[in-house]
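**Q** One structure is given below, represented as structure tokens, and several questions about it will come after.
The values are calculated or read from the model by the stated rules, or taken from the named source; none is laboratory data. In this text the structure is predicted, and so the values were computed from the model without any measurement. When we count neighbours, we look across all protein chains shown, and the Cβ atoms used for this are built from the backbone with ideal geometry, even at glycine. The protein model used for the area step is the full one, side chains on, heavy atoms only, and it has no ligands, DNA or RNA in it. Shrake-Rupley method; radii C 1.70, N 1.55, O 1.52, S 1.80 Å.
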Amino acid sequence: MVRETRLAPEDFILPLFARPGEGIAKPVGSMPGVYQHSVDKLVEAAAEAWEAGVQSVLLFGLPEHKDAVGSSAWDDDGIVQRAIRALNEALPGLVTIADLCFCEYTDHGHCGVLEGDTVNNDATLENLARQAVSLAAAGVDVIAPSDMMDGRIAMVREALDEEGFDDVAILSYAAKFASAFYGPFREAAESAPSFGDRKTYQMDPANRREALREVALDVDEGADMVMVKPAVPYLDVLSDVAETFGLPTAAYHVSGEYAMIKAAAEKGWIDGDRVLLETLLSIRRAGADLVVTYGAVEAAKILGQGWEP
Ligand code: PBG
């Protein structure tokens with residue numbers, strides 16, 4: 001009766017990886033239960049999530065071709081664009097969120113256009129705007145910029161509005177740290193940088209106050225929702241962000257966080273189901289309205305059986 005925080009399937013956002021082909025569900029080794037799906041299989045996975053009560057998915061794409069600027073990201077017939085159309089047709093109530101970034105589309109694996117060995121912020125902004133408009137034209141509900149370029153929210157908002165997509169919302173990865181916890185994702189999305197790291201655009205894990213400045217910029221620029229990422233190692237930041245801005249706040253329980261639970265459970269060292277749910281509860285307790293998690297469907301099913309902390 002007096003419990004302060006509750007978990008429900010509609011709090012979860014399920015990440016899905018779209019790849020070319022048909023009839024393919026290729027398991028990701030470091031993330032048990034996670035697959036690269038061809039569009040037909042991705043629709044089946046989303047339908048299973050929907051059945052379990054999960055109402056939104058976050059889409060990533062593995063394109064057929066990569067190049068220096070990541071041009072297949074703004075191809076109107078690109079892999080994520082096709083996934084969005086198929087999802088809208090099969091599951092009209094589902095909220096589709098598209099990750100906006102270039103690391104999956106560039107042949108060097110960095111999140112933007114390179115100039116020498118560094119990412120050129122402003123040249124990347126132009127391309128993000130193109131990618132956003134193409135995803136909106138495909139029918140996406142929410143755009144989620146994860147690249148961490150400065151000024152991207154304003155740029156994307158303006159581009160969307162200019163093209164008549166003022167109803168498309170922006171969920172900004174506003175405080176995204178340069179984290180070692182993204183390792184398994186880079187296998188799933190085939191997006192590891194071919195040299196260097198992402199420290200010139202992602203945040204220093206040591207900085208709590210800077211996170212608030214980063215979020216404030218995105219809010220000013222027009223973000224509708226903000227995200228902190230990773231989740232558990234940054235619950236202090238999440239709590240600050242939720243209290244300071246009062247916007248719908250999301251947290252990304254990232255690949256490494258998920259993989260650690262799975263690995264320990266496989267060894268029989270922890271009860272994986274209970275640890276997953278307690279973890280998601282802790283993220284909600286710290287202030288997240290929404291939790292992006294690879295365990296969304298599992299967690300929803302466990303909740304359906306009447307889980308108690
Ligand atoms: C794209 C992106 C990344 C993740 C989400 N969007 C990888 C990165 O920044 O290297 C990571 C998600 C996860 O680890 O689950 N930039």
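**Q** On the accessible surface of the chain, probed at 1.4 Å, how many percent belong to carbon and sulfur atoms?
**A** Reported share for carbon and sulfur atoms: 49 percent.
**Q** In square nanometres and to one decimal, what's the mean projected area of the convex hull around the Cα atoms of the chain?
**A** Taking the Cα atoms of the chain, their convex hull projects to 15.3 nm² on average.
**Q** Right, another one. Return the sequence-ordered ³J(HN,Hα) values of region 179-194 in whole Hz as given by the Karplus equation 6.51 cos²θ - 1.76 cosθ + 1.60 applied to θ = phi - 60°, using x for Gly and Pro.
**A** Along region 179-194, the couplings run 10, 6, 6, 8, x, x, 4, 5, 6, 4, 9, 6, 10, 5, x, 6 Hz.
**Q** Using modelled backbone amide H atoms (1.01 Å from N, in-plane), which distant-in-sequence or interchain residues come within less than 5 Å of N120's amide H?
**A** Amide H neighbours of N120, under 5 Å, 5+ apart: V113, L114, E115.
**Q** Hey, quick one: spin label on D220, modelled 7 Å out along Cα-Cβ, who in region 143-160 has an amide N within reach, i.e. under 17 Å?
**A** Taking a point 7 Å out along Cα→Cβ of D220, the residues of region 143-160 whose backbone N falls under 17 Å are 149-158.
**Q** Continuing with the same structure: Can you give the FRET efficiency for R274 and E89, using 1/(1 + (r/R0)^6), R0 = 51 Å, r = Cβ-Cβ distance, to the nearest 0.05?
**A** 0.85
**Q** Okay, moving on. Between E308 and E22, 0.36 nm times their residue separation minus their Cα-Cα distance comes to what?
**A** So the chain would gain 99.0 nm between E308 and E22.
**Q** Can you give the FRET efficiency to the nearest 0.05 for T5 and E158, using r as the Cβ-Cβ distance and R₀ = 30 Å?
**A** For T5 and E158, the calculated efficiency is 0.20.
**Q** Considering only protein heavy atoms, what per residue accessible area in square angstrom results for the chain with a 1.4 angstrom probe?
**A** 42
**Q** Once both labels are modelled 7 Å past Cα along the beta-carbon direction, what's the D197-N120 spacing in nm?
**A** Taking the simple label geometry, D197 and N120 are separated by 2.6 nm.
**Q** Please build a GNM for the chain, connecting alpha carbons under 10 Å apart, and tell me which residue among E187, E257, E162 fluctuates the most.
**A** E162
**Q** Using the Karplus curve 6.51 cos²θ - 1.76 cosθ + 1.60 with θ = phi - 60°, work out ³J(HN,Hα) for each residue of region 281-289 in order, rounded to whole Hz, and write x for Gly and Pro.
**A** These are the phi-based 3J(HN,Hα) values: 4, 5, 5, 5, 4, 6, x, 6, 7 Hz.
**Q** Restricting to Cα atoms and excluding each atom paired with itself, what does the Kirkwood estimate give for region 181-253 in Å?
**A** The Cα-based Kirkwood calculation yields 13.5 Å.
**Q** To continue, here is another question. With a cut-off of 8 Å between alpha carbons and a minimum separation of six or more residues, what is the relative contact order of the chain in percent?
**A** Relative contact order comes out at 19 percent.
**Q** Could you give the dipole magnitude of the chain about its Cα centre, charging the beta-carbon of Lys and Arg +1 and that of Asp and Glu -1, in debye to the nearest 20?
**A** 1060
**Q** I've got another one for you. Which links in K176/K301; K41/K229; K66/K262; K41/K176; K66/K199 stretch past 25 Å when you go from one Cα to the other?
**A** Check vs 25 Å cut-off fails for K176/K301; K41/K229; K66/K262; K41/K176.
**Q** To continue, here is another question. Of A286, A123, A47, which has the largest mean-square fluctuation in a 10 Å C-alpha GNM of the chain?
**A** Looking only at A286, A123, A47, the largest GNM fluctuation is found for A123.
**Q** Describe numerically, in nm with one decimal, the distance between label points set 7 Å from Cα along Cα→Cβ at D107 and at R208.
**A** 4.5
**Q** A further question on this structure: Count the net charge of all other residues whose Cβ sits under 12 Å from the Cβ of E158, scoring Lys and Arg as +1 and Asp and Glu as -1.
**A** -4
**Q** Report the rotationally averaged projected area of region 87-141 based on its alpha-carbon convex hull, in square nanometres.
**A** If you wrap the Cα atoms of region 87-141 in a convex hull and average its projections, you get 4.3 nm².
**Q** Kirkwood Rh over alpha-carbon pairs of region 134-283, then Stokes-Einstein at 4 °C and 1.567 mPa s: what D in µm² s⁻¹, rounded to an integer?
**A** The Stokes-Einstein estimate is 78 µm²/s.
**Q** Another question about this same structure. Taking springs between alpha-carbon atoms closer than 10 angstrom, which of A206, A242, A90 fluctuates most in the Gaussian network model of the chain?
**A** Ranking A206, A242, A90 by mean-square fluctuation puts A206 first.
**Q** Can you give the FRET efficiency to the nearest 0.05 for A263 and S239, using r as the Cβ-Cβ distance and R₀ = 30 Å?
**A** About 0.65, to the nearest 0.05.
**Q** Sorted by mean Cβ packing within 10 Å, highest first, what order do the peptides 136-142, 197-203 take?
**A** Taking the mean over residues of other Cβ atoms within 10 Å, the ranking is 136-142, 197-203.
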